[in-house]
Amino acid sequence: MAGGAMTDTDGAHKNYPGKMTIFVFLACLVASSGGLIFGYDIGISGGVTSMDPFLIKFFPSVYAKEKEMVETNQYCKFDSELLTLFTSSLYLAALIASLFASVITRKFGRKITMLGGGIIFLIGAILNGAATNVAMLIIGRILLGIGVGFSNQAVPLYLSEMAPARMRGMLNISFQLMITVGILAANLINYFTDKIAGGWGWRVSLGLAAVPAFIMAGGSLFLPDTPNSLLARGKEAEARAMLRRIRGTDDVGPEYDDLVAASKASMAIENPWSTLLERRYRPQLVMSVLIPTLQQLTGINVVMFYAPVLFKTIGFGGTASLMSAVISGIVNMAATFVSIVTVDRLGRRKLLLQGGVQMIIAQFLLGTLIFIKFGTAGVANISRSYAIVVVMCICVFVSAFAWSWGPLGWLVPSEIFPLEIRSAAQSVVVVFNMAFTFIIAQIFLMMLCHLKFGLFYFFGACELIMTAFVLFFLPETKGIPIEEMDRIWGKHWYWKRFVDNRKVEMTSTV
Ligand code: BGC
């Protein structure tokens, strides 16, 4: 890329002047509240679907089955397609919405996309809290999904573009941190609303989604747009002024020149979708599909969506189940900090490899513990101490995810795409993430009923594959400026065959 920026002492990549400013910090804090709305959704539905008054009102047949099967097969007692549709419809809507959001983020900027997402989400939350029939519930969930699709499209891009390269990892993970805060808040709220006499606690749980939506919509009114996005929309003077402001220095020439070069390259492209399919973008395309898919195949959302149901399955009472979900929520949030403080020092690969191995061990242990007690018939009474060991195992799994595939599943894709394909490729990430979130949410209870304890072995096997994938195919992206990222592929043993090395060399020495 053009520009005479300083190079690192090892000459490996550029190191633009500028520091982390309060301005960037606040902008990123507000933007990452988009993670709150996503997290709140993930955490709320599992608890609500385990509340009896909610089941009696909307899903009476599931309730009747749950009561009937107390003494029989535990693996199958919650297996209802309508109930899972309640959880998963949101992700299907998010998937479709993110395709539209890609056009909006490119044409009108990241900020408008976040604002729109917040408002639609707000309407969905109100509809859900006031629901009197299943249709209102599902339509509300679809609106929430559209909000999530918009925000997951725009926020990770926004964060990666605002952040100075050496702190990009940390700032981007604030999105994931907010997801975990949202999940934990939802778990806690469920715990308390479940106790509301009169059986309307679920309304409070669903309606309170309006709070994060309000923060996101209100906050994004005050957000500036990123220099990259301003440039891409032809606002050159504003882009330069914004870059100075967010870097806290007037000396932004080299970085600005690189942004301009990237922006020109991007404008020369008519259709980012077909461009993404070109051979030279094969590494990015593969990553944009595989990273989100593999993130979901860790099985994390089995725990996030169905923790209370899962805990009920292994014999916990209603309150104990909701409490255990709170515990895994706390672990999830706390472990995200590990990633925040280490990601820009240790790098992405080390965290993914360590987290992968820990998840494999935890899943195989979990499957075995459940097999020992429930066998294939699914009937057992488990002791308190045994149940505690199971919960601990789940926490070991959740913590590993929370410092590896959780945050990095969003961070790595958002930093590897050149500007000309960035919005389109980020859409692919959201689409695959949501598609597999949907699939897992939709078929988990059925899989549990059929695969039984083997379900945990299945996820363990997926984790084995994804850890090998990181080992062999994922290059390290730590500290590399986002508009310089093309270079990593040319140096990689496998991906170099897809990129034109001559071009990379030439542009980097201009
Ligand atoms: C994933 C979600 C998951 C959450 C858990 C996110 O990175 O995309 O599917 O529920 O992490 O914290």
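The values are calculated or read from the model by the stated rules, or taken from the named source; none is laboratory data. These numbers were taken from a predicted model, which means no experiment stands behind them. In this analysis, Cβ positions are derived from the backbone assuming ideal geometry, glycine residues included, and neighbour counts consider all displayed protein chains. Quick note on the areas: whole protein, heavy atoms, side chains included, nothing else; ligands and nucleic acids left out. Shrake-Rupley method; radii C 1.70, N 1.55, O 1.52, S 1.80 Å.
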* Would you point out the residue of segment 381-397, among those that are farther than 12 Å from S324 by Cβ and touching a residue at least 60 places away in the same chain (Cβ under 8 Å), that is nearest to the chain's Cα centre (by Cα)? => F397
* Structure fact -> Checking A209, A213, A217 in turn, the sole residue that is closer than 28 Å to P413 by Cβ and within 16 Å of the ligand (Cβ to nearest atom) turns out to be A209
* To do: State yes or no: is L55 surrounded by 21 or more Cβ atoms within 10 Å (Cβ to Cβ), farther than 30 Å from S220 by Cα and over 20 Å from the mean Cα position of the chain (by Cα)?
  => yes
* To do: Filter segment 285-306 for residues that are among the polar types (S, T, N, Q) and either open to solvent by 10 Å² or more (accessible area, probe 1.4 Å) or within 11 Å of the ligand (Cβ to nearest atom) (or both) and give the result.
  => T293, Q295, Q296, T298, N301
* If you take just the helices (runs of 4 or more DSSP H) that sit entirely in segment 251-342, which of them hold at least 2 residues that are of a type in the set (F, W, Y)? -> 300-313
* Can you work out which of the residues in segment 145-178 that are within 15 Å of the ligand (Cβ to nearest atom), among the hydrophobic types (A, V, I, L, M, F, W, C) and under 20 Å from V428 (Cα atoms) is farthest from the chain's Cα centre (by Cα)? => L159
* What number goes with the only condition from (1) surrounded by fewer than 19 Cβ atoms within 10 Å (Cβ to Cβ); (2) over 24 Å from T437 (Cβ atoms) that Y281 does not pass? -> (1)
* Asked: Across segment 123-155, what is the number of residues that are assigned to a helix (DSSP H, G or I) and among the polar types (S, T, N, Q)?
  -> 4
* Asked: Which is farther than 24 Å from Q426 by Cα, away from the ligand (no atom under 12 Å from the Cβ) and open to solvent by 10 Å² or more (accessible area, probe 1.4 Å), of I340, I360?
  -> I360
* To do: Being out of contact with any Gly (no Cβ under 6 Å at 6 or more places or on another chain) and within 16 Å of the ligand (Cβ to nearest atom) is the filter here, so list the residues in segment 182-194 that pass it.
  => A185, L188
* Asked: So G317 fits all but one of (1) within 15 Å of the ligand (Cβ to nearest atom); (2) farther than 18 Å from F453 by Cα; what number is the exception?
  -> (1)
* Scan segment 100-145 residue by residue and report those that are among the polar types (S, T, N, Q) and buried (at least 24 other Cβ atoms within 10 Å of the Cβ). => S102, T105, T113, N128
* Asked: Assuming Y386 fulfils every condition listed in (1) farther than 23 Å from T467 by Cβ; (2) open to solvent by less than 10 Å² (accessible area, probe 1.4 Å); (3) hydroxyl-bearing (S, T, Y) apart from one, which condition is it?
  -> (2)
* To do: Give segment 162-194 a look and list any residue that's over 22 Å from G43 (Cβ atoms) and open to solvent by less than 10 Å² (accessible area, probe 1.4 Å), or say none.
  => M162, A163, P164, R168, G169, L171
* Structure fact -> When segment 439-479 is checked residue by residue, the ones that are hydroxyl-bearing (S, T, Y) and either closer than 24 Å to W493 by Cβ or within 16 Å of the ligand (Cβ to nearest atom) (or both) are T467, T477
* Among the numbered conditions (1) more than 14 Å from the ligand (Cβ to nearest atom); (2) out of contact with any Gly (no Cβ under 6 Å at 6 or more places or on another chain), tell me where G329 comes up short. => (1)
* Enumerate the pairs (first residue in segment 156-167 and more than 20 Å from P292 (Cβ to Cβ); second residue anywhere and aromatic (F, W, Y) and at pLDDT below 80) with beta-carbon separation below 8 Å, excluding pairs fewer than 6 apart on the same chain, so at least 6 apart or on different chains. => P164/Y16; A165/Y16
* To do: Just give me the residues in segment 195-213 being on the phi > 0 side of the Ramachandran plot and open to solvent by 40 Å² or more (accessible area, probe 1.4 Å), in sequence order.
  => G198
* Those residues of segment 445-485 which are within 15 Å of F371 (Cα to Cα) and in contact with an Asp or Glu (Cβ under 6 Å, 6 or more places away or on another chain), in sequence order -> C449
* Collect the residues in segment 388-415 that are in contact with a helix residue (DSSP H, G or I) (Cβ under 8 Å, 6 or more places away or on another chain) and more than 16 Å from the ligand (Cβ to nearest atom), keeping them in residue-number order. => V389, V390, V391, C393
* To do: Output the number of residues of segment 30-49 satisfying the condition of being at pLDDT 80 or above and either open to solvent by 30 Å² or more (accessible area, probe 1.4 Å) or more than 19 Å from the chain's Cα centre (by Cα) (or both).
  => 3
* How many of the residues in segment 326-349 are within 16 Å of Q295 (Cα to Cα) and basic (K, R)? -> 2
* V428: within 30 Å of A93 (Cα to Cα), modelled with pLDDT of 95 or more and β-branched (V, I, T), yes or no? -> no
* Asked: Looking at segment 416-438, which of the residues that are of a type in the set (F, W, Y) and within 16 Å of the ligand (Cβ to nearest atom) is farthest from K478 (Cα to Cα)?
  -> F438
* To do: For segment 232-246, indicate whether the set of residues that are in contact with a Lys or Arg (Cβ under 8 Å, 6 or more places away or on another chain) and either open to solvent by 50 Å² or more (accessible area, probe 1.4 Å) or within 30 Å of V470 (Cβ to Cβ) (or both) is non-empty.
  => yes
* Structure fact -> Listed by range, helices (runs of 4 or more DSSP H) wholly within segment 398-510 having at least 3 residues that are open to solvent by 30 Å² or more (accessible area, probe 1.4 Å) and touching a residue at least 60 places away in the same chain (Cβ under 8 Å) are 419-451, 454-473
